[in-house]
Structure formats: structure tokens, C-alpha cells
Amino acid sequence: MPNAKKYILTGVILGSIAAVAAGLIAATNLITAKKIKQNELDKINAGLATIYGNDAKVKDEADLENYEYSVHYYAVENSQSEFLGYAVKTSGSNMYGKISLIAGFDNATHAFMSLYMIVNEQSYATTLVEKYIEPLNKDSSKLDDVTCGATYGAKLVRDMVNDAKAAADALWSKQNG
């Protein structure tokens with residue numbers, strides 16, 4: 001019987017520790033959840049401003065389904081309510097880390113304009129930004145030029161932009177009936 005008492009006491013102590021830990025995690029989530037959501041919204045707004053200009057605002061948005069990387073779209077307009085184009089939020093990962101970005105597409109030409117990195121957890125993140133993302137944002141025709149020292153990251157970004165382009169094209173098709 002003394003062993004049973006020892007096992008019950010050990011179980012009660014471990015259960016209490018787990019309950020306190022779960023309570024602390026829940027309390028931390030309650031405190032930080034709003035701030036995390038606000039930080040993500042701020043990054044998205046900064047991305048839209050970078051791609052479309054400071055007076056860009058979201059006219060409409062929704063989640064996307066049936067795409068490999070594209071998860072959400074934003075219909076963007078300026079302060080005069082002129083439709084500027086679609087921005088598509090994408091997320092993907094490879095063996096070097098996770099990437100999340102917004103790809104902007106021009107309403108007039110339906111062409112890729114530029115992108116904004118939300119999350120870049122690639123091992124070669126700096127190389128990817130300096131040798132692929134920055135040149136791509138200056139000249140969108142460099143999308144397929146993925147040899148940059150962070151080739152796997154560049155290929156992932158290229159695939160994400162192409163997936164976002166397919167999503168934007170589908171949105172334009174739906175918009176035009």
C-alpha cells in the first residue's frame with residue numbers, strides 16, 4: 001500500500017504542475033494574441049504601401065483555397081477609390097526555412113509588380129534578399145533568374161509568385177464575368 005500512496009502523490013504533483021503550466025500558457029496567449037495579430041496586420045499594410053504606394057488601402061479581401069502557396073488576397077485601391085490591383089499573400093517552406101510574402105499585381109496590365117517579405121526564415125535569408133528579392137523588385141522580369149547563392153529560396157519565391165499570379169488571374173476572370 002505505501003507504493004500506491006507514492007504513485008498517487010507523484011501523479012497529483014505532476015498533474016498540478018501541468019495544470020499551472022497550461023494556465024500560464026493560456027494567460028500568456030490572452031495577453032499577446034491581440035498584439036501578434038496587430039503586428040501581422042501592420043506588416044501587411046506596410047507591404048501594400050510598399051507595393052502600391054502610401055495611399056493604398058484594402059477594398060476587399062478573402063482567403064484563397066485550392067492553391068499550393070496562395071492563402072489570402074487583397075483587392076487594393078487608392079484614396080480616390082481607383083482599383084490598383086490584387087495583392088496575394090503566400091506562404092511556403094523548404095528545407096531551409098519558411099517564407100511568407102505578398103505579391104502585387106497591377107490592374108492595368110495584370111502583370112507582377114513587386115513583392116514584400118512578411119516572414120523570411122531561410123538559412124540564407126540575407127543572400128536571398130540582397131541577390132534575388134531586391135533585384136526582382138527593381139525589375140520584375142528577373143523572376144526566373146533564380147541563381148543567386150540562395151537558389152532554393154529563390155525557386156520557392158518564384159513558385160510562390162507564379163502561384164499568386166494564377167490566383168490573381170482567377171480573380172480578374174471572376175471579376176470580368
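The values are calculated or read from the model by the stated rules, or taken from the named source; none is laboratory data. Keep in mind that this is a model prediction, so the values were computed, not measured. Reconstructed Cβ throughout: ideal geometry from the backbone, glycine too, with neighbour counts over all protein chains shown.
Could you tell me whether ASN3 is assigned to a helix (DSSP H, G or I), surrounded by 10 or more Cβ atoms within 10 Å (Cβ to Cβ) and not hydrophobic (A, V, I, L, M, F, W, C)? Explain how you work it out, then say what you get.
Working: assigned to a helix (DSSP H, G or I): yes; surrounded by 10 or more Cβ atoms within 10 Å (Cβ to Cβ): no; not hydrophobic (A, V, I, L, M, F, W, C): yes.
So ASN3 does not fit the description; no.
Can you tell me which residue among SER141, SER79 is under 28 Å from ILE36 (Cα atoms) and hydroxyl-bearing (Ser, Thr, Tyr)? Lay out the reasoning, then the answer.
On the way: SER141 fails: under 28 Å from ILE36 (Cα atoms).
Within the list SER141, SER79, the selection yields SER79.
Could you name every one of the strands (runs of 3 or more DSSP E) located completely within the range 77-151 that has at least 3 residues being surrounded by 20 or more Cβ atoms within 10 Å (Cβ to Cβ), at negative phi and in contact with a Cys (Cβ under 7 Å, 6 or more places away or on another chain)?
Working: elements: 83-94, 97-106, 112-120.
In the range 77-151, no matching strands (runs of 3 or more DSSP E) lie anywhere.
The rows are residues; the columns are (1) at pLDDT below 95; (2) within 16 Å of TRP172 (Cβ to Cβ).
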| position | (1), (2) |
| --- | --- |
| THR32 | yes, no |
| ALA46 | yes, no |
| LYS57 | yes, no |
| ASP60 | yes, yes |
| ASP63 | yes, no |
| SER70 | yes, yes |
| ALA103 | no, yes |
